[in-house]
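Structure first, commentary second.
The values are calculated or read from the model by the stated rules, or taken from the named source; none is laboratory data. Just so it is clear, the structure is predicted and the values come from calculations on it, not from any experiment. Reconstructed Cβ throughout: ideal geometry from the backbone, glycine too, with neighbour counts over all protein chains shown. Ligands, DNA and RNA are stripped out before the accessible areas are found, and what is left, the full protein with its side chains, is counted by its heavy atoms. Shrake-Rupley method; radii C 1.70, N 1.55, O 1.52, S 1.80 Å.
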Amino acid sequence: MTNTATGIIRALNSGIKHIATKRFTLRYPEEKLKFVGDGYQFDPSTGVGIAGLKGRHMLFHDHCTGCQLCSIACEGVAEAIAMVKVPDQQQQNKKSIMPQIDYGKCVFCGLCVDACPFYALYMTNDYELSSFSKEGLIYTPAQLAVKPYVEQDSEIIITKWGATHG
Amino acid sequence: MTVELPPGLALQKVDERIMTLNVGPQHPGSGHMRIIVQIDGDYIVACDPDPGYVHRGEEKMAEYRNYITNIPHLERPVIHDSCNALYPYVLGVEDLLGIEVTERAKYVRVICSELNRCIYTMYWLAIYGIFLGHSTMFMWPAGDRELLIDLMEKISGARVTHSHFVPGGVRNDLPPNFEEVCLRQVNYFEKRIKEYAAVFYDNPILISRTQDTGVLSREDAIRLGTTGSVLRASGVDYDLRQKEPYDVYEELDVHTNVMKEGDSYARSKVPWLDMMESCNIIRQALQKMPKSGSVRVKLKPNPKGKGLDSVYKRVESGRGSLGCYIVSDGKVEPYRLKLSVGSFRNLIALPYLLKGEKLGNMPSVYWSLNYWPVEADR
């Protein structure tokens, strides 16, 4: 009986202590979590990636040769990448084809970035890709060339009074 | 002509006392599966677990994809434990292709694997808490899990489906200044989970609900072939990290947690104790890890196996032994790939545990088996 009483008092006591601790929740649209680096990148010369968030892709038109390796890498995974004709003529891109990514299918594994040997594709910190239509999720090469503006500054801070997103 | 009907659909002899009850698959307390229980008043007479509602054919799909594109698929059965789900596959492919992994990559893998074990166990603990009606135990693990998800996000760039392990090492090196951040958050995480004792594990209400329910004896646990925390809660000291060390586990001091009772309480406590052990392993690995060096061996674009060959590798996942059997015939795709998962092996104990229990004890026994329906169905 005394064991039961002390057990319940201990549980209540632990709950009361948490009134004084700081709130851990991230207030999402107002605060955004900060990530390391500038997004996931891959260095084909060493064969090792660079740590970062796997978010929306970024395509460099002046590096892309239209070799379709990203599309082939995606074939067995999500089939999100399609090669489409682009109007702008690049010297290195004879066929004028570049990847178009369907984010309704993409699983953000980043294997397309690993497959690109020309430093043309990398992933940025942008993860807010919601759209009102399925067509809105298909990003054309022109849309992928725009570097997204991200404002992320919240980090986990651990103090004596508990952890919080500051 | 008689037609064999699946269990549950077949007409049963009407008995005035026995009632057949379907728990699931829509019921939130069952996960993606159905448990057919026959009850006499408040007592369970017989129980027939019926998995298979989320079968996705992962094993067959793997035969049509090459060794690299299989990676995002094979972690999908358990997204919360995705590094451990990939681990046996990656070890097996390395064996088939004859790749030697660098020392630093092995340590990074161990850290990722232990972080993932904690992430999975916290998710499981949150579900276990809410189905015992303890909503604080749902909120706390779901929140504290964020500390480790943040670490995995820093390492791999994804919150749950990391796709981080590849044959030949890991995809990318640790970010700069990671050791310090990891140590700080893991230490705080350990401090937090120790607080769960007062609210949950030493709580007399929880103890009265879970103690002496669904007792699995040591002999039965071995005979039924259960693994992981279910086996360790029945008094068998068996952990693959200790008994068959893979990667760098033999250089680390791994301590296993064993309880003798074999009831729901012991089965729910062993994973919690394992999480503290995981924090210990992470700290050891951070200390012993080589400070620099490559983490990935460069492979040819489409690696091939060397002729007819097969390999079986297993690791200790959050739910017990997780094995992967790969047969290669020298092509870019595996010829056969089979997974042996801990969830499915633990489910076999459910009919034995529930016989004679009260219906109200079903959630505490069912969830204490550390069962993950999606993994069991593959």
Open item on the list: Considering only residues that are away from chain B (no Cβ under 13 Å) and either in contact with a helix residue (DSSP H, G or I) (Cβ under 9 Å, 6 or more places away or on another chain) or among the basic types (Lys, Arg) (or both), which ones fall in segment A:33-72?
Closed with: A:Met58, A:Leu59, A:His61, A:Cys64
TODO: Determine, yes or no, whether A:Tyr40 is touching a strand residue (DSSP E or B) at 6+ places or on another chain (Cβ under 9 Å), among the aromatic types (Phe, Trp, Tyr) and surrounded by fewer than 20 Cβ atoms within 10 Å (Cβ to Cβ).
DONE: no
- [ ] Read through the list (1) at the interface with chain A (Cβ under 8 Å from one of its Cβ atoms); (2) at pLDDT 85 or above; (3) open to solvent by 10 Å² or more (accessible area, probe 1.4 Å); (4) not in a loop (DSSP other than H, G, I, E, B), then give the number of the only condition that B:Ile205 fails.
- [x] (2)
- [ ] Considering every residue within segment B:291-311, establish whether at least one is surrounded by fewer than 21 Cβ atoms within 10 Å (Cβ to Cβ), at positive phi and outside any strand (DSSP E or B).
- [x] yes
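For every residue, the table says whether it meets (1) outside any loop (DSSP other than H, G, I, E, B); (2) farther than 29 Å from B:Val93 by Cα; (3) of a type in the set (A, V, I, L, M, F, W, C).
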residue	(1), (2), (3)
B:Gly225	no, no, no
B:Glu250	yes, no, no
B:Gly262	no, yes, no
B:Ser268	yes, yes, no
Open item on the list: So A:Asn125 passes all but one of these: (1) in contact with a Cys (Cβ under 6 Å, 6 or more places away or on another chain); (2) open to solvent by less than 20 Å² (accessible area, probe 1.4 Å); (3) within 14 Å of chain B (Cβ to nearest Cβ). Which condition number does it fail?
Closed with: (1)
Open item on the list: Please go through (1) part of a loop (DSSP other than H, G, I, E, B); (2) within 12 Å of chain A (Cβ to nearest Cβ); (3) under 19 Å from the mean Cα position of the chain (by Cα) for B:Met152 and return the number of the only condition it doesn't satisfy.
Closed with: (1)
Task: Selected residue (only one of B:Gly169, B:Gly225, B:Gly214 is more than 14 Å from every other protein chain (Cβ to nearest Cβ) and either among the hydroxyl-bearing types (Ser, Thr, Tyr) or buried (at least 23 other Cβ atoms within 10 Å of the Cβ) (or both)) - done: B:Gly214
Task: Complete set of residues in segment B:137-149 that are more than 24 Å from A:Gly49 (Cα to Cα) and either more than 7 Å from chain A (Cβ to nearest Cβ) or under 19 Å from the mean Cα position of the chain (by Cα) (or both) - done: B:Met137, B:Phe138, B:Met139, B:Trp140, B:Pro141, B:Ala142, B:Asp144, B:Arg145, B:Glu146
Task: Selection from segment A:140-162 of residues that are part of a strand (DSSP E or B) and either loosely packed, with under 13 Cβ neighbours inside 10 Å or not aliphatic (A, V, I, L, M) (or both) - done: A:Ser154, A:Ile157, A:Thr159, A:Gly162
Task: Lone unmet requirement of (1) under 15 Å from B:Gly262 (Cα atoms); (2) in a helix (DSSP H, G or I) for B:Asn370 - done: (2)
Open item on the list: For segment B:312-324, which positions are within 25 Å of A:Val48 (Cβ to Cβ) and open to solvent by 10 Å² or more (accessible area, probe 1.4 Å)?
Closed with: B:Lys313
- [ ] Check segment A:137-149 and report whether any residue there is more than 14 Å from every other protein chain (Cβ to nearest Cβ), polar (S, T, N, Q) and more than 13 Å from the chain's Cα centre (by Cα).
- [x] yes
- [ ] Tell me, yes or no, whether segment B:343-356 has at least one residue that is of a type outside the set (A, V, I, L, M), over 23 Å from B:Ser217 (Cα atoms), open to solvent by less than 30 Å² (accessible area, probe 1.4 Å) and in contact with a strand residue (DSSP E or B) (Cβ under 9 Å, 6 or more places away or on another chain).
- [x] no
Task: Matching entry among B:Arg192, B:Arg184 (being of a type outside the set (Asp, Glu) and closer than 30 Å to A:Ala5 by Cα) - done: B:Arg192
TODO: Give me a count of the residues in segment A:43-65 that are surrounded by fewer than 19 Cβ atoms within 10 Å (Cβ to Cβ) and over 19 Å from the mean Cα position of the chain (by Cα).
DONE: 8
Task: The lone exception for B:Pro176 - which of (1) open to solvent by 50 Å² or more (accessible area, probe 1.4 Å); (2) within 25 Å of A:His57 (Cα to Cα); (3) in contact with a helix residue (DSSP H, G or I) (Cβ under 9 Å, 6 or more places away or on another chain) it fails - done: (3)
Open item on the list: Anything in segment B:26-64 that is charged (D, E, K, R) and open to solvent by 40 Å² or more (accessible area, probe 1.4 Å)? List them, or say none.
Closed with: B:Asp40, B:Asp42, B:Asp48, B:Arg56, B:Lys60
- [ ] Scan segment A:73-97 for residues that are closer than 30 Å to B:Val160 by Cβ, open to solvent by less than 20 Å² (accessible area, probe 1.4 Å) and away from chain B (no Cβ under 14 Å) and report the count.
- [x] 0
- [ ] Please tell me if A:Tyr103 is over 30 Å from A:Gly15 (Cβ atoms), at pLDDT 85 or above and either open to solvent by 30 Å² or more (accessible area, probe 1.4 Å) or not aromatic (Phe, Trp, Tyr) (or both).
- [x] no
Open item on the list: Being of a type in the set (Ser, Thr, Tyr) and either surrounded by fewer than 16 Cβ atoms within 10 Å (Cβ to Cβ) or out of contact with any strand residue (DSSP E or B) (no Cβ under 6 Å at 6 or more places or on another chain) (or both) is true for just one of B:Ser368, B:Ser328. Which residue is that?
Closed with: B:Ser368
TODO: Collect the residues in segment B:179-197 that are open to solvent by 10 Å² or more (accessible area, probe 1.4 Å) and in contact with an Asp or Glu (Cβ under 7 Å, 6 or more places away or on another chain), keeping them in residue-number order.
DONE: B:Arg192
Open item on the list: Would you confirm whether or not segment B:344-353 contains a residue that is part of a strand (DSSP E or B) and modelled with pLDDT of 85 or more?
Closed with: no
Open item on the list: Between a residue in segment A:100-119 that is within 11 Å of another protein chain (Cβ to nearest Cβ) and any residue that is part of a loop (DSSP other than H, G, I, E, B) and open to solvent by 30 Å² or more (accessible area, probe 1.4 Å), which pairs come within a Cβ distance under 8 Å, given they are 6 or more apart or on different chains?
Closed with: A:Leu111/B:Ile68; A:Ala115/B:Pro301; A:Pro117/A:Cys67
